[in-house]
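The structure appears below as structure tokens.
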Amino acid sequence: MNLIQSYEQQYSTVTADITHNIGKIATSQGVEKQNYVKQAEKLFEEANELLEQMDLEVKELEAKDRQKYHTRVKSFKIQLTKLQADLKRAKLGIDANRDELLGDDTHDSEDQRARLLDNSETLERTSRRLDHGYRIAIETEQMGSQILDDLHSQRQTITRSRGRLQEMDSALGKSSRLLSGMMHRVIQNRVMLLGVMLIVLIAIILFIYFMVKSHS
């Protein structure tokens, strides 16, 4: 036996007790009648709680079983609404057979039950829409969180890349300065070498000149 079936059995027991108390209310007076009224009202609270529990369990069922149990719960709600009307008549001392003879009152009662059923269905549809909206909001929040995480990761990657580019630019600057210094020293060495060669050449020319002059 699943949980919903257990709730259904409890609900059947509670509604049977409600029917019994309504019968007692209609045939009793004074304090005894008030005691039966209080017992019936407590039983109605218990029945409503069981219906709420069944509603929650139905929502968790698979689609193939959900409609079947949803129809059952809907019929239970209609039954409970009728019992509430019976309780009201019993509290006021109105005979159910007499009520059936009053076409307008019966029609009003049927209209009230129809309105109650419509309101219940409207509330249920609203609840489903709210649940759907809540799921969408949660999914949107999760997507937004994921996007923010991705953006944060990309920002860190860009920051690291920028740092490496700055390091490379600094290294290139140092290399450029080093090459410039080396080129400067190479030019200086060449100038000095040309100067030495020029001095040696002049010395050789002078040496040859004086040698020729001394022989002549």
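The values are calculated or read from the model by the stated rules, or taken from the named source; none is laboratory data. Just so it is clear, the structure is predicted and the values come from calculations on it, not from any experiment. Backbone-built Cβ (ideal geometry, glycine too); neighbour counts: all protein chains shown. Accessible surface is based on the protein model in full, side chains and every heavy atom, while ligands, DNA and RNA are left aside. Shrake-Rupley method; radii C 1.70, N 1.55, O 1.52, S 1.80 Å.
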Selected residue (criterion: farthest from residue 42 (Cα to Cα)) from residues of the stretch 1-22 that are within 38 Å of the chain's Cα centre (by Cα) and open to solvent by less than 60 Å² (accessible area, probe 1.4 Å)
4
Subset of the stretch 23-69 [small (Gly, Ala, Ser) and crowded, with 18+ Cβ neighbours inside 10 Å]
26, 40, 47
Given (1) over 30 Å from residue 59 (Cβ atoms); (2) open to solvent by 100 Å² or more (accessible area, probe 1.4 Å), residue 139 misses just (1)
Test residue 75 against the criterion of being surrounded by fewer than 17 Cβ atoms within 10 Å (Cβ to Cβ), of a type in the set (Gly, Ala, Ser) and either in contact with a Ser or Thr (Cβ under 6 Å, 6 or more places away or on another chain) or farther than 18 Å from residue 89 by Cα (or both), and give yes or no.
yes
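What residue, of 84, 112, 154, is open to solvent by 80 Å² or more (accessible area, probe 1.4 Å) and at pLDDT 85 or above?
On the way: 84 fails: open to solvent by 80 Å² or more (accessible area, probe 1.4 Å); 112 fails: at pLDDT 85 or above.
After ruling out the rest, the residue left standing is 154.
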